[in-house]
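A short write-up of the structure that comes next.
Here, each number is a calculation from the coordinates, and none is a lab measurement. Everything numeric in this text was worked out from a predicted model, so none of it was measured. All Cβ positions, glycine included, derive from the backbone under ideal geometry; neighbour counts span all protein chains shown.
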Amino acid sequence: MYCLARINSRRSFYIFILCTTMVTVTWFHQGPWFQNVYLYMQSNTELASSTSGENTAILRALHPIMTSLNWTRNRKSIGALKIKEHTEALKPCLSSSEIPKVRIDPRKNKTTLARVNAEIFGSMVRKVRHAAGTANKSLPSILMKRRSIQKAASSIDQTISKMNLAVDVDDYRVLPGGHWIPLSCRPLWKVAIVVGFRNRFQHLPIFLRHIVPLLKRQKLEFSIFISEQRNNLLFNKAMVMNIGFIEAMEFNDFDCVVFHDVDHLAMNVRNYYGCENMPKHFESGEPKWNWKLPYQELFGGAVGVTTSQFVEINGFPNVYWGWGGEDDDFYNRVVANGFKPSRPEGEIGYFDTIEHNSKDSSRLNIAKFCLQKQCAERMSTDGLSNLKYEPPTIELHPLYTNISVNIQRLPWNPKWKRCDTLDTMYSL
Ligand code: UDP
Ligand code: MN
C-alpha cells in the first residue's frame with residue numbers, strides 16, 4: 001500500500017522500484033505466508049462453490065497479479081506433480097530384508113500429545129499444528145463435496161496437498177492428519193494404520209511416540225487413523241475398524257492396511273509394516289505370555305492385509321459387540337479365502353503392551369462362541385458389504401486423523417442363524 005501511495009510522486013519512482021523488488025524478494029525467499037493466504041482463500045471459495053462474497057471479490061482482484069507472478073494454484077499443482085515425478089525417479093526405499101534388526105525397548109511412561117508432537121516435529125511443530133488447523137477449517141466442505149460427487153472428486157489428501165499445507169520434516173513430507181511421505185526414496189508401500197479406539201487417551205500419545213519413528217525407520221509411506229466409537233453401546237472394534245478402512249480410502253489410495261491395537265508396541269525395527277506375505281500377523285510373543293502366543297491361530301494386536309485382500313475377505317464381521325471373538329472370526333475368513341497368513345519369527349515379532357485394568361477392556365461378548373460357529377455362513381454378507389453408518393466426524397491432528405462415529409447395530413440378515421445370547425447382549 002505504501003508503494004502504491006508513493007507512485008503518484010515522480011520523485012518516488014525509485015522508491016517504488018525498490019519496494020517492488022523488496023516485495024518480490026520477500027515473496028520468493030521469506031516463507032510463503034501471502035501465497036498461503038491466497039491459496040487457502042482460493043480453495044475455500046472453490047470448495048464452497050461460492051460465486052459472491054468477500055473472498056471471491058478479493059480473489060478476483062488478486063488473480064491477475066498472481067497470474068502475472070506465475071503463482072497460481074495451477075502452478076502449485078505443477079509443482080506438486082514435479083515432486084511426484086521426482087519421487088518416481090528415486091531409488092526404491094528399503095525392502096524388509098534390508099531393515100536392520102534392531103531391538104527397541106518401548107518407552108511406556110505417561111506422556112501427552114503436545115509433548116509427543118514437540119518430540120516428533122521439533123522446530124516444525126508450530127507450522128505442523130497450524131497446517132492441521134487450517135486444513136480442518138476446509139475439511140467440512142471437502143468432505144461434503146466428496147460425499148456428494150463421490151469418486152469424481154479428488155481424494156482428500158490431493159485436495160489438502162494443493163492447499164500448500166505440507167511440511168517437510170527430516171526426509172519426509174507430512175500432510176495434516178499425520179500422512180508421512182518419504183522424500184529421499186520411493187516408498188514400497190502406502191500403509192494406512194487403522195486403530196479401533198474408545199476412551200484410551202492415556203495410551204494414544206505413548207502409541208504415537210513409538211510407532212511414528214518406527215515407521216519412519218522402515219521408510220514406508222504411512223498415515224495413522226484413529227477410528228473411534230462415539231457412544232456407550234458395547235464396544236465393536238471390528239465395525240469401527242471397517243469404518244476406519246473405508247474412511248482412510250477417502251484420503252488416499254493406500255495399498256496396505258494394518259489394523260492395530262492402541263496398547264501394542266512392536267519391539268524390533270525389522271518387524272516390517274509393509275504388506276509382503278500378507279495377510280500377516282505381526283506378533284510372535286509378548287511378556288505376559290512369556291514371549292509366546294497362547295494359540296497359533298491368534299490374529300489380533302496387529303494384523304495387516306493388502307487393500308484388495310481386505311475387500312476380497314469382506315472386511316471384519318460387524319456382529320461382535322463386546323470383548324473377543326472378532327479376531328478369530330477374521331482369521332477364519334482369511335483362511336477360508338485361501339490365504340496363508342504369515343508371522344515374523346522369534347524376537348522380530350515381539351511386542352510389549354501398555355498396562356491397563358481389565359475394567360478398561362470392553363465387556364465380554366457372551367455371544368462370541370455362538371457367532372464364531374456360523375462364521376462361514378455370514379462371511380460374504382456381513383462385513384464391508386452390509387456396512388452402514390452415519391457420517392463420522394473427522395478431525396486432522398498433526399500425528400493422526402480422528403474418525404469418530406456413532407455406530408449402531410445393523411439389521412440381522414434372516415439367512416443368518418440367531419444366537420440365543422445375542423438379544424440378551426444387545427439389551428445390555
Ligand atoms: N479398545 C479401546 N477401548 C476399549 C476397549 C478396547 O480403544 O474400551 C481398543 C484398543 O485399541 C485396545 C484394543 O481395542 O488396544 C483391544 O482391547 P483390549 O486392550 O481391551 O484387549 P486385550 O487385548 O487387552 O484383552
Ligand atoms: Mn489391551
Legend entry - ASP171-SER308 pseudo-label distance in nm [points 7 Å out on the Cα-to-Cβ vector]: 3.0
Legend entry - Two-site FRET efficiency, LYS359 against SER148, from Cβ-Cβ distance with R₀ of 51 Å, rounded to 0.05: 0.75
Inset, instruction - Quote the FRET efficiency, to the nearest 0.05, computed for LYS292 versus GLN374 with a Förster distance R0 of 25 Å and r equal to the Cβ-Cβ distance. - result: 0.25
Inset, instruction - Report the local net charge at PRO100: Lys and Arg +1, Asp and Glu -1, summed over other residues whose C-beta lies under 13 Å from its C-beta. - result: +4
Legend entry - Sequence of ARG115, ARG198 once ranked by neighbouring C-beta atoms within 10 Å, starting from the fewest: ARG115, ARG198
Legend entry - Highest-first arrangement of 397-408, 233-244, where packing means the average Cβ count within 10 Å: 233-244, 397-408
Legend entry - Charge tally in the Cβ shell below 13 Å around CYS256, where Lys, Arg are +1 and Asp, Glu are -1, CYS256 excluded: -2
Inset, instruction - Within the range 252-271, find all residues whose amide N lies under 12 Å from a label point positioned 7 Å from the Cα of LYS108 along Cα-to-beta-carbon. - result: 263-266
Inset, instruction - Figure the gain on full extension for ASN232 and SER155 (residue separation times 0.36 nm, minus the Cα-Cα span) and round it to one decimal in nm. - result: 24.5 nm
Legend entry - Set of the range 105-142 residues, backbone N closer than 14 Å to the point 7 Å along the Cα-Cβ line of ARG217: 105-107
Legend entry - Exposure proxy ranking, count of Cβ atoms within 10 Å, fewest first, for PHE282, PHE339: PHE339, PHE282
Legend entry - Karplus (6.51, -1.76, 1.60) ³J(HN,Hα), θ = phi - 60°, over the range 165-180, in Hz, Gly and Pro reported as x: 10, 6, 10, 8, 10, 6, 9, 10, 9, 10, 9, x, x, x, 9, 9
Inset, instruction - May I ask you to order 288-298, 125-135 by the average number of other C-beta atoms within 10 Å around their residues, highest value first? - result: 125-135, 288-298
Inset, instruction - Taking the Cβ of each residue in SER184, SER138, SER223 as the centre, tally the other Cβ atoms inside 10 Å and list the residues starting with the fewest. - result: SER184, SER138, SER223
Inset, instruction - Per residue of the range 117-125, in order, report the coupling 6.51 cos²θ - 1.76 cosθ + 1.60 (Karplus, θ = phi - 60°) as ³J(HN,Hα) in whole Hz, putting x for Gly and Pro. - result: 4, 5, 5, 7, 9, x, 5, 8, 4
Legend entry - Potential extension, ASN413-PHE201 segment - 0.36 nm per residue separation minus Cα distance: 72.8 nm
